[in-house]
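Dropping the structure in here first, questions after.
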Amino acid sequence: MKNKIVVLIGLFFISCKPMYITSDFDIKNTPKTPEYSQLENWAVLPDQWPIELEGVIENSGTKTADVFYIYPTLFTNKKNPQWNADIYNNEIRKEVLSKAVAFQASAWADAANLYVPFYRQAHYRIFVDPYAAQGKEAGVLAYQDVKRAFQFYLENYNQGKPIIIASHSQGSLHAKCLLNEFFDGKVLQEKLIAAYLVGVRILPNEFKNIPVLNQPNETGGFVSWNTYKKNKLPKRYDYWYKGGVVTNPISWDDQRTSNKKDHLGVLSSDKKIYPQSLKVERIDGMLWSSVPKIPKRFFLSFIKNYHFADINLFWADIQKNAKIRVESWIEQNKSNL
C-alpha cells in the first residue's frame with residue numbers, strides 16, 4: 001500500500017510539472033534587435049531570392065505591386081526559456097525559409113514583389129495558459145520589430161506601389177496592428193490592395209474603415225479564415241473562433257460551400273500542386289475542410305486541426321486571387337498612376 005501511495009504522489013507531481021521551461025519576461029534578456037537597413041535581416045527581398053523557393057516559384061521580375069508577408073509562430077522549443085526568437089540563430093532562419101516562406105509566402109510571389117522581414121517572433125507559449133500573462137510583453141516586442149521593418153520598407157522600398165498584407169497566425173495578429181496603425185482611415189489605405197489575415201479570429205468590425213471583402217475582385221479590405229477538419233470543432237471554439245470572419249478561399253465570395261472541382265490546388269510537402277483535392281464549408285468562425293486528396297493523406301485523416309495548413313491547402317487559389325485583386329486595383333486606379 002505504501003508503494004502505491006508513493007507512485008500516486010509521483011504521478012501527481014509529474015502531472016503538475018510545467019510543460020515549458022520558463023521565467024518572467026525581462027527586456028534585458030531579449031535577443032539582439034534587428035536593423036532592417038541590413039539585408040541579412042530580410043528573409044526575402046525581390047532581389048534576394050532564397051533557394052528554399054526553388055521548385056515552388058520563380059522570381060519573375062519586378063511587379064507593379066508589393067506584398068509584405070508576416071510569418072506565423074515557429075518558435076516552439078519547450079526547453080528554450082526565451083520569450084522571443086533570436087533571428088541570428090541559423091535554425092530559426094532555416095525554419096522561416098523552409099516552412100513559412102516556401103509554403104506560405106510563395107503563394108503571393110507571382111502577384112507582387114515579396115518582402116519578408118525576420119522578426120523576433122514570440123514563443124508559442126504566449127498563447128498557452130498559464131504562461132500567456134507571464135510573457136505578454138514578448139508579443140509587444142515582436143510587433144515592434146514588424147512595425148520597424150514595415151516603416152523601413154515604406155521609406156526605402158515601396159516607392160508608392162499598392163500593397164498586399166499577407167500573414168498567418170501570430171503574423172496575422174501583428175498584421176492586424178499594422179493595419180490599424182498605418183492603413184485604417186489613413187492615407188495609406190488608398191494603396192491597400194487586400195489584407196489576407198489568415199489563422200486568427202478577425203471580427204467583422206475589427207477595423208473602422210477596412211471592410212470584409214466578399215467578392216474575388218474586390219480591393220481595399222481583408223479576408224480571413226481558420227481551417228479545421230469537417231464536422232470537428234476545437235475545444236475552445238467559442239473563445240478562439242466563433243464570431244470571426246470566414247472567407248471561402250476557393251470561391252472568394254459568400255458561398256457557404258465549395259466543391260472539389262473548383263479547388264485550384266494544395267501545395268503539398270513535395271512542392272507539387274494537387275488540384276481538385278478538397279471541398280470546404282463555412283460555419284460560424286470556422287472553415288471546415290474535407291481531408292485533402294494528396295500523398296500521405298492517410299495521416300491527415302487522424303488530424304482535426306488544419307491550422308498548420310491554412311495557406312498551403314489553398315495555395316493555388318490564393319495565387320490566382322492575389323493576381324486578380326492586383327489587376328483589379330490597377331484598373332480602378334489607372335487614372336491616378
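The values are calculated or read from the model by the stated rules, or taken from the named source; none is laboratory data. These figures come from a predicted structure and were not determined experimentally. Backbone-built Cβ (ideal geometry, glycine too); neighbour counts: all protein chains shown.
Return the only residue of Ser277, Ser269 being surrounded by fewer than 16 Cβ atoms within 10 Å (Cβ to Cβ), part of a loop (DSSP other than H, G, I, E, B) and of a type in the set (Gly, Ala, Ser).
Numbers: Ser277 fails: surrounded by fewer than 16 Cβ atoms within 10 Å (Cβ to Cβ).
Only one candidate passes the filter, namely Ser269.
Pairs under 8 Å by beta carbon, first residue without any contact (Cβ under 8 Å) to a residue 12 or more places away in the chain in segment 289-309, partner outside any helix (DSSP H, G or I) and of a type in the set (Val, Ile, Thr), six or more apart or different chains?
Hits for this filter: Arg297/Val291; Leu300/Val291; Leu300/Ile294; Ser301/Val291.
Continuing with the same structure: Select, from Ala142, Ala138, the only residue that is in contact with a Lys or Arg (Cβ under 9 Å, 6 or more places away or on another chain), farther than 14 Å from Glu35 by Cα and part of a helix (DSSP H, G or I).
On the way: Ala142 fails: farther than 14 Å from Glu35 by Cα.
So the residue among Ala142, Ala138 that is in contact with a Lys or Arg (Cβ under 9 Å, 6 or more places away or on another chain), farther than 14 Å from Glu35 by Cα and part of a helix (DSSP H, G or I) is Ala138.
A quick yes/no check of all residues on (1) of a type in the set (Asp, Glu); (2) closer than 28 Å to Pro50 by Cβ; (3) more than 14 Å from the chain's Cα centre (by Cα):
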| site | (1), (2), (3) |
| --- | --- |
| Leu154 | no, yes, yes |
| Asn158 | no, yes, yes |
| Leu173 | no, yes, no |
| Cys177 | no, yes, no |
| Gly185 | no, no, yes |
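Could you check segment 205-245 and list, in sequence order, the residues that are part of a loop (DSSP other than H, G, I, E, B), under 25 Å from Ser328 (Cα atoms) and touching a strand residue (DSSP E or B) at 6+ places or on another chain (Cβ under 6 Å)? Quick ask: steps written out before the conclusion?
Going through segment 205-245, the residues part of a loop (DSSP other than H, G, I, E, B) turn out to be 205-211, 213-220, 224-226, 230-236, 241-245.
Within this subset, residues satisfying the condition of being under 25 Å from Ser328 (Cα atoms) are 205-211, 213-220, 224-225, 245.
Selection gives Ile210, Pro211, Leu213, Thr219, Gly220, Ser224, Trp225, Val245.
Consider only pairs whose beta carbons are under 7 Å apart and that are at least six residues apart or on different chains; among these, list those whose first residue lies in segment 34-59 and is closer than 11 Å to Val116 by Cβ and free of Cβ contacts under 8 Å to residues at least 60 places away in the same chain and whose second residue is in a strand (DSSP E or B) and not aromatic (Phe, Trp, Tyr).
Pro50/Ala43; Pro50/Val44
Only one of (1) more than 21 Å from Met286 (Cβ to Cβ); (2) at pLDDT 95 or above fails for Gln134. Which number is that?
Gln134 satisfies every listed condition except (2).
Checking Pro216 against (1) modelled with pLDDT of 95 or more; (2) over 22 Å from Leu114 (Cβ atoms), which test does it fail?
Of the numbered conditions (1) modelled with pLDDT of 95 or more; (2) over 22 Å from Leu114 (Cβ atoms), the odd one out for Pro216 is (2).
Which of the numbered conditions does Phe150 fail, given that it passes all the others? Conditions: (1) touching a residue at least 40 places away in the same chain (Cβ under 8 Å); (2) of a type outside the set (A, V, I, L, M); (3) surrounded by fewer than 18 Cβ atoms within 10 Å (Cβ to Cβ).
Looking at each condition in turn, Phe150 falls short on (3).
With Pro204, Pro234 as the choices, which residue is of a type outside the set (Lys, Arg), more than 24 Å from Thr64 (Cα to Cα) and modelled with pLDDT under 95? So that I can check it myself, show each step before the final result.
Working: Pro204 fails: modelled with pLDDT under 95.
Within the list Pro204, Pro234, the selection yields Pro234.
Would it be correct to say that Phe75 is surrounded by 14 or more Cβ atoms within 10 Å (Cβ to Cβ) and farther than 21 Å from Phe308 by Cβ?
Numbers: surrounded by 14 or more Cβ atoms within 10 Å (Cβ to Cβ): yes; farther than 21 Å from Phe308 by Cβ: no.
No: the conditions fail for Phe75.
When residues of segment 293-322 are filtered for being of a type outside the set (Phe, Trp, Tyr), crowded, with 18+ Cβ neighbours inside 10 Å, part of a loop (DSSP other than H, G, I, E, B) and under 20 Å from the mean Cα position of the chain (by Cα), how many remain?
2
Run Pro204 past the list (1) surrounded by fewer than 19 Cβ atoms within 10 Å (Cβ to Cβ); (2) closer than 18 Å to Asp310 by Cβ; (3) within 19 Å of the chain's Cα centre (by Cα) and report the number of the one that doesn't hold.
(2)
Would you be able to say whether some residue in segment 81-96 is at pLDDT below 95 and crowded, with 16+ Cβ neighbours inside 10 Å? Break it down into steps so the answer makes sense when it comes.
In the first step, residues of segment 81-96 are kept if they are at pLDDT below 95; the result is 81-83.
Still in the list and also crowded, with 16+ Cβ neighbours inside 10 Å: 82-83.
Taking every residue of segment 81-96 in turn, at least one turns out to be at pLDDT below 95 and crowded, with 16+ Cβ neighbours inside 10 Å.
Now for a different question. Write out, first by first residue and then by second, each pair whose Cβ atoms fall under 7 Å of each other, whose residues are 6+ apart or on separate chains, and whose first residue, in segment 127-144, is among the aromatic types (Phe, Trp, Tyr) while the second is at pLDDT below 95.
Tyr131/Tyr20; Tyr131/Thr22; Tyr131/Arg125
Hey, among Val266, Val245, which residue is of a type outside the set (D, E, K, R) and farther than 30 Å from Glu190 by Cα?
On the way: Val245 fails: farther than 30 Å from Glu190 by Cα.
Among Val266, Val245, only Val266 is of a type outside the set (D, E, K, R) and farther than 30 Å from Glu190 by Cα.
Still on this structure, please answer the following. Suppose the filter is among the charged types (D, E, K, R) and modelled with pLDDT of 95 or more; does Lys78 pass it? Don't jump to the end; show me each part of the working.
On the way: among the charged types (D, E, K, R): yes; modelled with pLDDT of 95 or more: no.
No.
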